[in-house]
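The values are calculated or read from the model by the stated rules, or taken from the named source; none is laboratory data. On a predicted model such as this, the values are computed, not experimentally measured, just so you know. Note: ideal-geometry Cβ built from the backbone for every residue, glycine included; neighbour counts use all protein chains shown.
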Ligand SMILES: [Fe+2]
Ligand SMILES: [Fe+2]
């Protein structure tokens, strides 16, 4: 395990039971809100997985682990990503919050010993989605947006809740479109994976 990750789990007993271990880890490092959010995402992801035919156990596991990189502050994330040998995009360097999905993926693998490539892939794109996303990727992405980690409901919530009745792709697109359509007014550049997912899920542009 990389030293930068090993330091964080010194003295913490991890049992192999993911929900319990994530709770223990985040509690010890002082992130009770992230415990609540992760539990909500895990429960929502399992529900969506059951509904759309993905594996609910994998979805729940990904939900528990998706934000375990919260323990690194934004101003540490570029350095952490470099230490871990992760590929850094310019959008991520400028807006390091975008890196947390990649760092969570490494943490899930190295600290919580998750080897399942489906679960790791979903964690690794839970914030932006990506082109060619799997059903599990979409389930985790939508669950994360529904279980908002701030007060109240997000502005896109009613439209997303309605879209879920139709398809997981439509639900994912609600959030992605809400960012894409106001990209000129945002203080950060959109992650290229999100833009690719936008064009893929929007379908072909009709001929004039
Ligand atoms: Fe996240
Ligand atoms: Fe999250």
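Details
- Any hit, segment 13-21, residues being away from ligand 1 (no atom under 14 Å from the Cβ), part of a helix (DSSP H, G or I) and out of contact with any helix residue (DSSP H, G or I) (no Cβ under 7 Å at 6 or more places or on another chain): yes
- Scanning segment 110-127 for residues that are farther than 12 Å from residue 66 by Cβ and either within 13 Å of ligand 1 (Cβ to nearest atom) or not in a loop (DSSP other than H, G, I, E, B) (or both) returns 110, 117, 118.
- Filtered by the rule that a residue be touching a residue at least 24 places away in the same chain (Cβ under 8 Å), away from ligand 1 (no atom under 12 Å from the Cβ) and surrounded by fewer than 24 Cβ atoms within 10 Å (Cβ to Cβ), segment 139-154 gives a lone residue, 146.
- None of 101, 39 is touching a residue at least 12 places away in the same chain (Cβ under 8 Å), part of a helix (DSSP H, G or I), within 16 Å of ligand 1 (Cβ to nearest atom) and surrounded by fewer than 23 Cβ atoms within 10 Å (Cβ to Cβ) except 39.
- Among residues of segment 11-28 that are modelled with pLDDT of 95 or more, those with a Cβ under 8 angstrom from a residue that is exposed (fewer than 15 other Cβ atoms within 10 Å of the Cβ) and assigned to a helix (DSSP H, G or I), sequence gap 6+ or separate chain, pair up as 26/32.
- Restricting segment 128-142 to residues that are more than 8 Å from the chain's Cα centre (by Cα) and assigned to a helix (DSSP H, G or I) leaves a set whose member that is nearest to residue 174 (Cα to Cα) is 142.
- Here 6, 49 are screened, and the one residue that is in a helix (DSSP H, G or I), more than 15 Å from ligand 2 (Cβ to nearest atom) and loosely packed, with under 13 Cβ neighbours inside 10 Å is 6.
- Close pairs from segment 43-59: first more than 15 Å from residue 119 (Cα to Cα), partner at pLDDT below 95 and not in a helix (DSSP H, G or I), Cβ under 6 Å, at least 6 apart: 44/147
- Take the conditions (1) within 16 Å of ligand 2 (Cβ to nearest atom); (2) at pLDDT 95 or above; (3) part of a loop (DSSP other than H, G, I, E, B); residue 145 misses just one of them, which is (3).
- Answer residue from segment 70-91, given it is part of a helix (DSSP H, G or I), under 18 Å from the mean Cα position of the chain (by Cα) and more than 16 Å from ligand 2 (Cβ to nearest atom) and is surrounded by the fewest Cβ atoms within 10 Å (Cβ to Cβ) among those: 78
- When each of 101, 109 is tested for being closer than 19 Å to residue 61 by Cα and within 16 Å of ligand 2 (Cβ to nearest atom), the lone residue that passes is 101.
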